[in-house]
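Each reported figure results from applying straightforward, stated rules to the coordinates on display, with no laboratory input. Here the structure is a predicted model, which is why all the values come from computation and not from measurement. Using ideal geometry, Cβ is built from the backbone for each residue, glycine included, and neighbour counts are taken over all protein chains shown.
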Amino acid sequence: MKFGVIVFPGSNCDRDCRNAIEAVGFDAEFIWHRDTSVAGYDCLVLPGGYSYGDYLRPGAIARFSPVMDSVVEYARDGRPVIGICNGFQILLEAGLLPGAMQRNVGTRFICDRVRVRIESTRTPFTSGCREGDVLTLPIAHADGNYYADPQTLAELEERGQVVFRYCNELGDATPEANPNGSLNNIAGVSNEAGNVVGMMPHPERACEAILGGTDGRRIFESVAEWVRGGVRVGQDG
């Protein structure tokens, strides 16, 4: 199992992702944003940071990096892609995920630990979880306020594309548990096929007990098990 971690100018969670993946027991390599091939990787990770300094808006310039044509093709082939924080923003800008990001309510940068509830287990990254499971994960963002127009939001909910939802310790998606104002407490979504996932919390920062928790391991372990199954989205098992 080999993960490819894409590095953009301004990425600052690339090494965190690689170290976390290796700590969980898998191989990981960096892919530079100027590369034009992502061949040989079982899963792609777009990490957090400030790609291109977040000029214009987060992810707007990274979306045009040479590597992104290959990422789009990889995703459309039904293979697993995850965007974490800034990576989520890049996937939104690239049109691989629906919706958009706004500034946090209160316009403040938030660095904290939050709880998220697993809403869907049909993605490679949550296939090893159960619906309703609550994970504790760190967040660190200023533009994590997820928005979609009413029709898109309704379709996301109906199709099971909401993957993670901010919640309290009991698993209730309360307003108080929402750190940034995201619609419907949304912390992560998938594309309609389910193989592309974006999430604002950082699972790579919760893969070792010394960092305060290991709930993030479940994201990487889930996709590894999914890949071992040898099934791509759109294929029969």
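Cβ crowding within 10 Å ranks M1, M199, M68 as M1, M68, M199, fewest other Cβ atoms first. Computed 3J(HN,Hα) for the stretch 21-37, one whole-Hz value per residue from the Karplus formula 6.51 cos²θ - 1.76 cosθ + 1.60 where θ = phi - 60°, is 4, 5, 5, 6, x, 10, 8, 8, 9, 7, 10, 6, 4, 7, 5, 10, 9, glycine and proline marked x. Close amide H pairs (under 5 Å, H built 1.01 Å from N) link I31 with V5, I6, V7, residues at least 5 positions away or on another chain.
Quick check on the chain: helices-only [θ] at 222 nm, where DSSP H runs of length 4 and up contribute -39,500 (n - 2.57) each and the sum goes over total residues. Nearest 500, please.
Working: 5 runs with 51 residues, N = 237.
After summing the helix terms and dividing by residue count, I get -6500 deg cm²/dmol.
Going from the residue with the fewest nearby Cβ atoms within 10 Å to the one with the most, L211, L135, L183, L91 rank L211, L183, L135, L91. For C85, the residues whose amide H sits under 5 Å from its own are M199, M200, ignoring neighbours fewer than 5 places away on the same chain, with H placed 1.01 Å from N. Remark on S11: its backbone amide H falls under 5 Å from those of Y50, Y52, a criterion applied only to residues 5 or more positions apart or on other chains, H modelled at 1.01 Å from N. Taking 7 Å steps out from each Cα toward its Cβ at R108 and D27 produces label points 4.6 nm apart.
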